[in-house]
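**Q** Can you read through this structure? Questions will come right after.
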2 protein chains.
Amino acid sequence: MILMPQKEFEVNRGIVEISGKIKKLEAGQGVKSSESQALVAEPEKCSPAGSFDVNSSTADEQVAESFIRQAMEIIVDEAVKKATNVQEKVCEWHSPEQLKKLLDLELRDGGEAESEILQRCRDAIRYSVKTSHPRFFNQLYAGMEPYSMVASFIAEAVKTNLYTYEVAPVFTLMEDAVLRKMIKVIGWEEGGDGIFNPGGSLSNMYAVNLARYRYCPDFKEVGMFSAPRLVILTSQECHYSISKGAALMGIGTKNVYTVPTDERGRMIPSALEEKIMLAKSEGAVPFMVNATAGTTVLGAFDPIDEIADICEKHNLWLHVDACWGGAAIMSKKHKHLLKGIHRVDSVAWNPHKMLMASLQCSAFLVRDKTSLLQHCHSARASYLFQQDKFYDVSYDTGDKSVQCSRKPDAFKFWLMWKALGSRELEQRVDRALAMARYLAEEIKKREGFRLVLEPEYANVCFWYLPPSMRNLPESPELWKKLHTVAPVVKQRMMKKGSMMVGYQPLGEKANFFRMVVISPQVSRQDLDFVLNEIHNLGKDL
Amino acid sequence: MILMPQKEFEVNRGIVEISGKIKKLEAGQGVKSSESQALVAEPEKCSPAGSFDVNSSTADEQVAESFIRQAMEIIVDEAVKKATNVQEKVCEWHSPEQLKKLLDLELRDGGEAESEILQRCRDAIRYSVKTSHPRFFNQLYAGMEPYSMVASFIAEAVKTNLYTYEVAPVFTLMEDAVLRKMIKVIGWEEGGDGIFNPGGSLSNMYAVNLARYRYCPDFKEVGMFSAPRLVILTSQECHYSISKGAALMGIGTKNVYTVPTDERGRMIPSALEEKIMLAKSEGAVPFMVNATAGTTVLGAFDPIDEIADICEKHNLWLHVDACWGGAAIMSKKHKHLLKGIHRVDSVAWNPHKMLMASLQCSAFLVRDKTSLLQHCHSARASYLFQQDKFYDVSYDTGDKSVQCSRKPDAFKFWLMWKALGSRELEQRVDRALAMARYLAEEIKKREGFRLVLEPEYANVCFWYLPPSMRNLPESPELWKKLHTVAPVVKQRMMKKGSMMVGYQPLGEKANFFRMVVISPQVSRQDLDFVLNEIHNLGKDL
């Protein structure tokens, strides 16, 4: 127990009357340390005349400060230094049952001593996967970004919500500054609007909701019950949040029409137009197209310009899910991947992916200047958005959101952008894509490795064929065998803790690895290591 | 610029070939310090044979670590010690236009020096509202919780997502442990399921979606287009997220039927039944009732037991929005407020409110054992939820969510619960409510103060009448005058920085103050100060 003994709380302010007696309590069951004996007051009934029933465990700021300092040391040592050290393991694998025992998860009546809690902090880090490690390639985030990490600590310590300027003046303005800058980078010369959300999935759902609202604002009030059947169009490789959003929003997953992709995973514009015509012929109402800039698995970019032509022709809202691929726009060399993005209606872009902002940092941007976000989502809660405030209440942005509490995620991007500048962000993107290029070339050189396709972004997808399969003829049987390789290699790398690389099937394609390079800490040596290690782990299969 | 010069990166791993030349670059426009000159490589075209075009600003871990340590010092000094010191201001008010100038928000091509970024960290804290300050009473969160704060730092540093056990083994198990414990505390003897969400609004929307799915699972696929008109019932004092959810989910705000409340702000059960019958008589389909346990403004608790009877009779899903009031269940003395909660279908409960977990920490709990959460929300993304993994994939809980990225918020509650034990959590609730009781009694004693109603929870709502209004007869004119008092007092307290207390109108009631005591750091002296200060700031009105 840290929150401590009964006492006159801060004598200079100390008029909380403590009426309880002090006694020693036994520590909670299962608490091991003898330090964990707590001093707790026995409550007494008090007169209404000023004194009251108070189990007054008032905060001891010095103890709290000392605890925070010790914990911060642990965080730097274990979650920063050790977690990014290539000599250390990426993960210390334990099955759920084993880990439950190691962590002693049960929550009890009694509290634990400071030393025990500090050990729990160490353990939480120890048994967590080291996503900052230079050999963590399992997701679309990786690496350690010190500025963004510090910003996230500050956001946690300052502990506020973005609904009103009143309680979040700094973060409100920073979000506005970041959104404006992102809108400028996208090339919306007339400006626009936006909001940071807890994840790209919600950003994509915002797009669906705005598109629906623009099509018919009445749906907000009356729902979809007597509406014509609405249809969303998206590629078959799009993120699953489009489907989740359709389910949540009363549109239905069957009304998400998937458009075929070409051999590189890009939406085929002529096929999009066919699907639009199909929906119309069924009496349904296509109202939006979701184009993906950087698909999750292949890293494919739908041809935005051509899709925009079709959307203009049919008067459809065009949203671009650029959660993963949006970073390319920071690079003069690679921004061509997003050609046409200045023409679209909305964009989801997650700086927490390629640009390495702390999780989560997800922007939804809309090329609208008529307060569509506000109109579509507002509920005008009078306890929060009072209109008789003494400042310009247009700075109270909370009613643009479907959330009430909302984190100041933009700050994490703002501080790192200030520290690095656009140029360094550009270099990170260029370097990551150069690394991917290197890896692809290396794969082509090595026996037993086969690219799924030439990468155009940071995703490098490939199969590993163990020697026993290398001379088999191309056949369904070979692919069936190959399908089992990646899961076993994955299991072995996890148990060894040497690296983490993702795998998945895709359509008819057997399980393949997806490597994604993001962090500037990753060296070519790490990429060579990945290929060598996959071979070492899988050569007996 | 911290990310530093071109060099052979970590010589023992150093096979990244650096082909650029080193040159000094001018610092970005507007960057003031001479430190901000960056060393950046000039890119060169490289051969495909292993070397490549690399603007290789590889990370310098020592510089990063030093930066993080310095920033942590700032956080402890400014956001912990100073922010909780009652001698300091709660806020340093600046208008948006003034603050924009102070913060220099623009994002530029060039980065800034470490010293500048550290100053930006100081400024971000300085100009933020000190929600941990003992005189911050503006929202339903307040105070500094050291364990939860540390847990949030760890979560940020470890940087992972809760979708799979593979990348979040520790946090997955901790979320499970916390959810189980909360379910036990609620009293669902058969168990249940749950998920932590970014805010109570989303938790309430989960309830709507589950209730709808239980009513008709087909809606997930086909949407609401040919569905009967669905109706949600909730009290007129409910949180605005019910309405936002109805809009987002294709149900429509007009299909949220508001049930009248009694003089204390509690839903009137007979009125609920009347509204149900009304909806049915219109040919609509009532499918869920939202009861509120702890309304936002008055802190009213709808009578759950009586509402549960009605829901059973009409076969309606009963959700309880206990985001604010859920904490009462930790207290033997106050849990009666939630009588009947063991009978309901789902509960939203935010430990980040009364229990002081770091923002955000919001649980959605459901008394279902048939994997309704999973069935309702799943999209089975094959790149994430591979079924051929080597561990029990029921631990991959991400597909229960409408998000993809999801923060390990449960950890913030788990660590503080471990440190404090249930007993200390109980004492905090009891103490907060005793403080509210004290404040209410004090208000009744003081001239010029008038309670809106006797508090039954931590919300103390009152009017302040300046001397000039005290002898006026009760009349619409008096109330019209009184309506203007709170905004002016609020403006003055903000500009002075002495405290922050919220105000709002409610229905026909003129603007009144809402005080909420949460933090154990708050003393009776702070409450006396609030009343004195309101008088000082408003006596001339």
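The values are calculated or read from the model by the stated rules, or taken from the named source; none is laboratory data. Source: prediction; values computed, not measured. All Cβ positions, even for glycine, are placed from backbone atoms using ideal geometry, and neighbour counts span all protein chains on display.
**Q** Can you name the residue in region A:152-165 that is in a loop (DSSP other than H, G, I, E, B) and more than 7 Å from chain B (Cβ to nearest Cβ) and, of all such residues, is farthest from A:Ser394 (Cα to Cα)?
**A** Step one: filter region A:152-165 for residues in a loop (DSSP other than H, G, I, E, B), giving A:159-165.
Checking the rest, the ones that are also more than 7 Å from chain B (Cβ to nearest Cβ) come to A:162-164.
Numbers: A:Leu162: 13, A:Tyr163: 11, A:Thr164: 9 Å.
Ranking the candidates gives A:Leu162 first.
**Q** If you go through region B:221-237, how many residues are within 11 Å of chain A (Cβ to nearest Cβ) and either buried (at least 24 other Cβ atoms within 10 Å of the Cβ) or not in a helix (DSSP H, G or I) (or both)?
**A** Here the count works out to 11.
**Q** Let me ask something else. Any chance region A:85-105 includes a residue that's closer than 30 Å to B:Arg431 by Cα and modelled with pLDDT of 95 or more?
**A** Scanning region A:85-105, I find at least one residue that is closer than 30 Å to B:Arg431 by Cα and modelled with pLDDT of 95 or more, so the answer is yes.
**Q** Which of the residues belonging to region B:196-211 are more than 8 Å from chain A (Cβ to nearest Cβ) and either part of a helix (DSSP H, G or I) or among the β-branched types (Val, Ile, Thr) (or both)?
**A** Once the filter is applied, which keeps residues that are more than 8 Å from chain A (Cβ to nearest Cβ) and either part of a helix (DSSP H, G or I) or among the β-branched types (Val, Ile, Thr) (or both), region B:196-211 yields B:Ser203, B:Asn204, B:Tyr206, B:Ala207, B:Val208, B:Leu210, B:Ala211.
**Q** Please work out which residue is surrounded by the fewest Cβ atoms within 10 Å (Cβ to Cβ), limiting yourself to region A:334-353 and to residues that are in contact with a helix residue (DSSP H, G or I) (Cβ under 6 Å, 6 or more places away or on another chain) and within 14 Å of chain B (Cβ to nearest Cβ).
**A** A:His334
**Q** Further, regarding this structure: Is there a residue in region B:140-150 that is in a loop (DSSP other than H, G, I, E, B), more than 30 Å from B:Leu298 (Cβ to Cβ) and small (Gly, Ala, Ser)?
**A** Looking through region B:140-150, none of the residues is in a loop (DSSP other than H, G, I, E, B), more than 30 Å from B:Leu298 (Cβ to Cβ) and small (Gly, Ala, Ser).
**Q** Moving on to the next point. Taking region A:514-525 as the search range and keeping residues that are within 25 Å of A:Thr484 (Cα to Cα) and either modelled with pLDDT under 95 or out of contact with any Cys (no Cβ under 6 Å at 6 or more places or on another chain) (or both), which one is surrounded by the most Cβ atoms within 10 Å (Cβ to Cβ)?
**A** Among residues in region A:514-525 that are within 25 Å of A:Thr484 (Cα to Cα) and either modelled with pLDDT under 95 or out of contact with any Cys (no Cβ under 6 Å at 6 or more places or on another chain) (or both), the one surrounded by the most Cβ atoms within 10 Å (Cβ to Cβ) is A:Val516.
**Q** Still on this model: Kindly provide the set of residues from region A:74-98 that are within 7 Å of chain B (Cβ to nearest Cβ), aliphatic (A, V, I, L, M) and surrounded by 20 or more Cβ atoms within 10 Å (Cβ to Cβ), ordered by number.
**A** A:Ile75, A:Ala79, A:Val80
**Q** Starting from region A:239-263, keep only residues that are more than 8 Å from chain B (Cβ to nearest Cβ), then list their pairs with residues that are assigned to a loop (DSSP other than H, G, I, E, B) and among the charged types (D, E, K, R) whose Cβ atoms are within a distance under 8 Å, requiring at least 6 positions of separation or different chains.
**A** Taking only residues 6 or more apart or on different chains, the pairs are A:Thr261/A:Glu237.
**Q** Evaluate region A:68-81: report whether one residue or more is in a helix (DSSP H, G or I), at pLDDT 95 or above, of a type in the set (Lys, Arg) and under 28 Å from B:Val429 (Cα atoms). Explain how you work it out, then say what you get.
**A** Here is the first cut: in region A:68-81, the residues in a helix (DSSP H, G or I) are A:68-81.
From what's left, at pLDDT 95 or above: A:68-81.
Still in the running and of a type in the set (Lys, Arg): A:69, A:81.
When the remaining residues are screened for being under 28 Å from B:Val429 (Cα atoms), the result is A:69.
Yes: one or more hits.
**Q** Can I ask one more? Would you call A:Lys490 buried (at least 21 other Cβ atoms within 10 Å of the Cβ) and either more than 7 Å from chain B (Cβ to nearest Cβ) or hydrophobic (A, V, I, L, M, F, W, C) (or both)? Can you show your working first?
**A** Working: buried (at least 21 other Cβ atoms within 10 Å of the Cβ): yes; either more than 7 Å from chain B (Cβ to nearest Cβ) or hydrophobic (A, V, I, L, M, F, W, C) (or both): yes.
Criteria met by A:Lys490.
**Q** Out of the residues in region B:276-298 meeting the condition of being part of a loop (DSSP other than H, G, I, E, B) and aliphatic (A, V, I, L, M), tell me which one is surrounded by the fewest Cβ atoms within 10 Å (Cβ to Cβ).
**A** B:Ala284
**Q** In region A:117-151, what count of residues is obtained for those that are touching a strand residue (DSSP E or B) at 6+ places or on another chain (Cβ under 6 Å) and within 7 Å of chain B (Cβ to nearest Cβ)?
**A** Going through region A:117-151 one residue at a time, the tally reaches 1.
**Q** Might you let me know whether region A:361-368 holds any residue that is at the interface with another protein chain (Cβ under 8 Å from one of its Cβ atoms) and of a type outside the set (Asp, Glu)? So that I can check it myself, show each step before the final result.
**A** Applying the first criterion (at the interface with another protein chain (Cβ under 8 Å from one of its Cβ atoms)) to region A:361-368 yields A:362.
Still in the running and of a type outside the set (Asp, Glu): A:362.
There is at least one residue in region A:361-368 that is at the interface with another protein chain (Cβ under 8 Å from one of its Cβ atoms) and of a type outside the set (Asp, Glu).
**Q** For region B:428-468, which positions are free of Cβ contacts under 8 Å to residues at least 40 places away in the same chain, out of contact with any strand residue (DSSP E or B) (no Cβ under 9 Å at 6 or more places or on another chain) and more than 23 Å from B:Phe301 (Cα to Cα)?
**A** Answer for region B:428-468, where residues must be free of Cβ contacts under 8 Å to residues at least 40 places away in the same chain, out of contact with any strand residue (DSSP E or B) (no Cβ under 9 Å at 6 or more places or on another chain) and more than 23 Å from B:Phe301 (Cα to Cα): B:Lys445, B:Glu447.
Let's see how each residue does on (1) of a type in the set (D, E, K, R); (2) in contact (Cβ under 8 Å) with a residue 12 or more places away in the chain; (3) in contact with a helix residue (DSSP H, G or I) (Cβ under 6 Å, 6 or more places away or on another chain):
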site	(1), (2), (3)
A:Pro487	no, yes, no
A:Lys496	yes, yes, no
A:Met500	no, yes, no
A:Ser519	no, yes, no
A:Ser523	no, yes, yes
A:Phe529	no, yes, no
A:Asn532	no, no, no
A:Leu541	no, yes, yes
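**Q** Something else: Out of all the residues in region A:378-415, which are facing chain B (nearest Cβ under 10 Å), in contact with a strand residue (DSSP E or B) (Cβ under 9 Å, 6 or more places away or on another chain) and either assigned to a helix (DSSP H, G or I) or of a type in the set (Phe, Trp, Tyr) (or both)?
**A** Within region A:378-415, A:Tyr383, A:Phe413 meet the criteria.
**Q** Out of curiosity, is A:Ile183 within 19 Å of the chain's Cα centre (by Cα) and hydrophobic (A, V, I, L, M, F, W, C)?
**A** Details: within 19 Å of the chain's Cα centre (by Cα): no; hydrophobic (A, V, I, L, M, F, W, C): yes.
Answer is no for this residue.
**Q** Which one is surrounded by the most Cβ atoms within 10 Å (Cβ to Cβ) among residues in region A:159-176 that are among the hydrophobic types (A, V, I, L, M, F, W, C) and over 21 Å from the mean Cα position of the chain (by Cα)?
**A** A:Ala168
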